[in-house]
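Before any comments, here is the structure.
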């Protein structure tokens, strides 16, 4: 079991992913969004974007393909993977993410709280593009249930 208070502020190893046009299309199809700005570069440019853009919550794709895997995260936080639940997750966009962008993510433990039979870990990930611009921020809650 973790003592999260001692770990607030720790940073996970940075990770990166080159955004692929096909991944954007696959993700848009998977979530059932047929908006042409995710598929058609001409339409995306007509609407003021540089190229097709990533749909909301695409940060999940970046995490899954480039980020820290679940077991490593549990190890770094010193939590039991069998007792973990995914809490809330939110994304804040600051700029476009387009095909070919090289996104680097850095995750840190922003805060820790105990509530009844749970440890709550608030992780914040900043996603920066190849120009050094912050394009996305994710805040998520990881819950470790405690026995008893």
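Below are the figures for this structure:
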| read-out | value |
| --- | --- |
| Number of the condition not met by residue 61 [criteria: (1) surrounded by fewer than 16 Cβ atoms within 10 Å (Cβ to Cβ); (2) outside any strand (DSSP E or B); (3) in contact with a helix residue (DSSP H, G or I) (Cβ under 9 Å, 6 or more places away or on another chain)] | (1) |
| Options 113, 86; residue that is surrounded by fewer than 16 Cβ atoms within 10 Å (Cβ to Cβ), at negative phi, within 13 Å of the chain's Cα centre (by Cα) and modelled with pLDDT under 95 | 86 |
| Criterion (under 15 Å from residue 137 (Cβ atoms), over 14 Å from the mean Cα position of the chain (by Cα) and not in a strand (DSSP E or B)) met by exactly one of 43, 96 | 96 |
| Evaluation of residue 42 against (1) surrounded by 13 or more Cβ atoms within 10 Å (Cβ to Cβ); (2) out of contact with any strand residue (DSSP E or B) (no Cβ under 7 Å at 6 or more places or on another chain); (3) under 17 Å from residue 21 (Cβ atoms) (one fails), failing number | (1) |
| Which listed residue, of 68, 74, is under 21 Å from residue 124 (Cβ atoms) and in a loop (DSSP other than H, G, I, E, B) | 68 |
| Pairs with Cβ under 7 Å, 6+ apart, first in segment 64-77 and within 16 Å of residue 140 (Cα to Cα), second assigned to a helix (DSSP H, G or I) and modelled with pLDDT under 85 | 77/7 |
| Residue 105 at pLDDT 95 or above and either exposed (fewer than 13 other Cβ atoms within 10 Å of the Cβ) or not in a loop (DSSP other than H, G, I, E, B) (or both) | yes |
| Residue 37 vs. criteria without any contact (Cβ under 8 Å) to a residue 40 or more places away in the chain and surrounded by 13 or more Cβ atoms within 10 Å (Cβ to Cβ) | yes |
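The values are calculated or read from the model by the stated rules, or taken from the named source; none is laboratory data. Since the structure is predicted, the reported quantities are computational estimates derived from the model, not experimental observations. For neighbour counting, all protein chains shown are included, and Cβ atoms are generated from backbone atoms with ideal geometry for every residue, glycine included.
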